Amino acid sequence: MTQDILERIMINAICNLDVNPLNNLSESFMYSNLTKGEIIDEFTFVFNSYKSQGVLKLTYERSICKHCYSDAEIFSFFDFISGSFITRYIIHFQFNKKCTVRLCDSSSLPLGKERAIF
């Protein structure tokens with residue numbers, strides 16, 4: 001697996017709120033200390049939560065982290081309809097069959113600047 005493949009799979013799943021693309025993840029990798037099955041379970045819960053709030057599809061923009069993961073690939077996700085900021089994920093291929101796929105919980109964004117680089 002490469003960074004490009006990991007991004008393609010994760011962004012497709014997150015933007016469409018659909019876990020089916022996650023079936024293409026490698027069984028032999030760990031995703032932020034979760035197995036493939038565990039990360040699918042986690043995203044099933046997350047996607048169902050968004051859908052229950054009326055969010056049906058997302059768009060994304062690349063972001064930059066100047067805190068915990070300054071060398072990682074960060075993506076901000078927005079409601080496709082309203083453009084409202086929804087969440088930010090770290091999607092980063094590391095080495096030795098490890099990947100970071102986790103919610104970015106940085107709270108350093110100024111109010112009203114959801115799309116700002118943080």
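Each reported figure results from applying straightforward, stated rules to the coordinates on display, with no laboratory input. What you are looking at is a predicted structure, and each value in this text was computed from that prediction instead of being measured. Please note: Cβ atoms are built from the backbone with ideal geometry, for glycine as well, and neighbour counts cover all protein chains shown.
Full-extension gain between Ile81 and Asp41, please, as 0.36 nm times their residue separation minus the C-alpha to C-alpha distance.
Contour length minus the Cα-Cα distance gives 11.8 nm.
Tell me, what is a quarter of the convex hull surface for the C-alpha atoms of the range 3-103, in nm² with one decimal?
Values: hull surface 24.3 nm².
Averaged projected area of the range 3-103's Cα convex hull equals 6.1 nm².
Kindly write out, for the range 7-15 in residue order, the coupling ³J(HN,Hα) from the Karplus curve 6.51 cos²θ - 1.76 cosθ + 1.60 (θ = phi - 60°), rounded to whole Hz, with x marking Gly and Pro.
4, 4, 5, 5, 5, 4, 5, 5, 5
Assuming R0 = 25 Å, what is the FRET efficiency of Asn96 and Lys51, from their Cβ-Cβ distance, to the nearest 0.05? Don't skip to the end; give the middle numbers.
Values: r = 35 Å, r/R0 = 1.40.
In this case the efficiency is close to 0.10.
Using amide H atoms built in the peptide plane, which far-off residues or other-chain residues are under 5 Å from Cys104 H to H?
Correct list: Arg88, Tyr89, Ile90.
Starting at the first residue of the range 81-97, write each ³J(HN,Hα) from the Karplus equation 6.51 cos²θ - 1.76 cosθ + 1.60 with θ = phi - 60°, in whole Hz, x for Gly and Pro.
Residue by residue, the range 81-97 yields 7, 8, x, 5, 4, 10, 6, 9, 10, 8, 10, 9, 6, 9, 8, 6, 6 Hz.
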